[in-house]
Amino acid sequence: MTPQYYRPDLVYPQLAVPHELEQHNIWLVRSLNDEVNRRAKSGLVYDDDIDSHYSYSDKVPNCKQVAPGDWLLVRDEQMLLGAAVIESISMVSAPVERLRCPRCNGTRLYWRMTSEDYRCDGVCVAQLTADQRSTRVPVVSVENGVSYRAEFGDTWSDLAGSMLASEFPQLSDRWNRQNSIVKLNPAKVLRFFDQLNFSTRRQVEAVLTDSEVALRGGFAERTVRTRRGQAQFRAHLIRKFGAQCAFTGPCYIAALDAAHLYSYASTGEHVADGGLLLRRDVHRLFDMGLMGVDNTQRISLHRDLVTTQYSLLHGSPLQAEIGEKEKALLSRHFEEHARDLVPV
């Protein structure tokens, strides 16, 4: 199933960006997932956690022009992920690894996922075909370098899916798809924000509630923990499933949570096939064990919910096509709470 991307004017809440934005530089920066990151052009591995900070090196064009007060629009290879304001930048000197072409010794190596090798896009381009200038064993050199870390504080706004990769060039006067940091035209960005009805209100908390378990007497016990990679995890689920709740169907994208089908508190890791997009209220009920999915992929409700506004969900099929990993995790969740769930 190909995910359906809901366009900005339909799915993002009304906001108003302050026009002081024109007084600062605005950058579009590329964040890579861990697998791609380890095979990136420079061979550097960054610790991007995009809802709190962005890391980059002194080998990246435009790196020294980025400053506190600037805005960052963060993207991956497929879509825009979000926006934030830089509150501070720290700098650390450290040795870094560089990957070089064994033929020309150049550093313009790019990982090709389809063939699982590196292709040189440097001097070799004029002499060799794409396959001829590819290698699985690049030369690794260690050089002195500087790593920068731009901190966002609590300014992150999740915009996953509001712009696709093919649209990025329209925000820049001098677009270069190879650069990890590209300067944008403030007027063009403001027009984009106006189309989104963007505002300074954050859609996603930088520090999220890791678990919220209802206790007797109406109180709740909360374990608060910074979820590294949560924004990337949500973007991954939007790419996979589109803008729809797995239980209720098509949904306003800002109301969708990235729900883990396992205890994130126990593992501290985001598993690619370990989540679903759930409407915020449904997510809470699912985590509390008041909703589950049985082995026939149908939704089962807690006995206290069958006479509420959620009654129409009881017995309805899952609205997302899922794989064996998700089915196994949903089955485990269902078994844990089966005693209080009404059979379908």
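The numbers here are math on the coordinates, done by the rules we state, and not lab data. Since the model is a prediction, treat every value here as computed from it, not as a measurement. Counting neighbours? That spans all protein chains shown, and the Cβs are built from the backbone with ideal geometry, glycine included.
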Next item on the list: Identify all lysines with a Cα-Cα distance to K325 below 18 Å; exclude those on the same chain that are fewer than 8 residues away in sequence.
Entry: K240
Item checked: Extension gain, R298 back to N62 (0.36 nm per residue minus Cα-Cα distance, nm) -> 79.8 nm
Notebook entry, point to check: What is the set of long-range amide H partners of G145 at a cut-off below 5 Å, with H atoms built 1.01 Å from backbone N?
Noted result: A94, V96
Margin query: For a test of the definition: using alpha carbon positions, the gyration tensor, and the 1.5 limit on a/c, classify region 138-180 as rounded, prolate or oblate.
Written below: oblate
Checklist line | Formal net charge of residues neighbouring V344 (Cβ-Cβ distance under 11 Å; K, R +1; D, E -1) | finding: 0
Checklist line | Per-pair calculated FRET efficiency, R0 = 41 Å: R103 and E336 via Cβ, rounded to 0.05 | finding: 0.15
Next item on the list: Work through the residues other than D131 whose Cβ is under 15 Å from its Cβ and net out their charges, Lys, Arg +1 and Asp, Glu -1.
Entry: +2
Check: Among all the lysines, which ones have a C-alpha under 28 Å from K188's C-alpha, if same-chain residues fewer than 8 places away are not counted?
Finding: K59, K64
